[in-house]
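The values are calculated or read from the model by the stated rules, or taken from the named source; none is laboratory data. Just so you know, these numbers come straight off a predicted model, no measurement behind them. Every residue, glycine as well, gets a Cβ built from its backbone with ideal geometry; the counts of neighbours run over all protein chains shown. SASA here: full protein model, heavy atoms, side chains in, ligands and nucleic acids out. Shrake-Rupley method; radii C 1.70, N 1.55, O 1.52, S 1.80 Å.
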Amino acid sequence: MHIDYSEVELGFVVNLKTLREVLKRLSIDGKRWWLAADPQDAAAIGYMTIGYGDPQCEDRLNTVYFRFPIVDDVPPKAPTDKLVLLIDPSTCKPEAPGFYLEEDGRVVQDSMEDFMGFYPPLKRALIGRLQAESGSD
């Protein structure tokens, strides 16, 4: 998978182990973030999918998925916790958009709403983790 880094301004490079720890603690208003792909499969295809919403619900009114690239070449037998992802809006690709029920009963897609619900809390959690690591030195 080719990654265009020309649009990256400020991103996070994080290994899968650390990302798992951050996602495990991230929950806002009943919504969760989780790894939605098998790490071995992700290594083979070059990106990891992160889910947002209700991990127990397959209904697209409640769950969206975003892909982030794996930035290192991974040997086939390498531990998956060592996979390194680039978390940045410019490299984030929606996998399955969410749907929203409007007051008049219409169901609509809103990619910006998906992204704004998903990315800012993830960014804050990663910054918090970085600050916690910096403060422990």
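Helix content alone sets the calculated 222 nm mean residue ellipticity of the chain: runs of n ≥ 4 DSSP H residues at -39500 (n - 2.57) each, divided across all residues, give -10000 deg cm²/dmol. About the centre of its Cα atoms, the chain shows a dipole size close to 540 debye [charges on the beta carbon of Lys, Arg (+1) and Asp, Glu (-1) only; nearest 20 debye]. Ranked by the mean number of other Cβ atoms within 10 Å per residue, highest first, peptides 79-88, 102-111 order as 79-88, 102-111. In plain terms, the chain from K24 to N62 could stretch by 11.8 nm, reckoned as 0.36 nm per residue minus the Cα-Cα distance. With a Förster radius of 25 Å applied to the beta-carbon distance between I45 and K17, the computed FRET efficiency rounds to 0.80. Between V8 and any residue 5 or more places off or on another chain, the built amide H atoms are never under 5 Å apart. If you sort S27, S6 by accessible surface, 1.4 Å probe, largest first, the order is S6, S27. Accessible surface calculations at 1.4 Å, restricted to protein heavy atoms, place the chain at 62 Å² per residue. Using the Cβ-Cβ distance between R32 and V8 with R0 set to 41 Å, the FRET efficiency works out to roughly 0.95.
Since only V64, V22, F12 are under comparison, the one whose Cα sits farthest along the positive direction of the charge dipole of the chain, derived from C-beta charges on Lys, Arg, Asp and Glu, is V22. Relative to the longest principal axis of the chain, what angle (0 to 90°, nearest 10) does the C-alpha long axis of helix 16-25 take? It works out to around 40 degrees. Surface composition of the chain: carbon plus sulfur atoms hold 51% of the accessible area, using a 1.4 angstrom probe and ignoring ligands, DNA and RNA. If R0 equals 35 Å, the separation of the Cβ atoms of A132 and D110 corresponds to a calculated FRET efficiency of about 0.60. Computed with a 1.4 Å probe over protein heavy atoms only, the accessible area of D38 comes to about 80 Å².
Relative to the dominant Cα principal axis of the chain, helix 111-135 is inclined by about 40°.
C57 exposes around 30 Å² of accessible area when a 1.4 Å probe is run over every protein chain in place.
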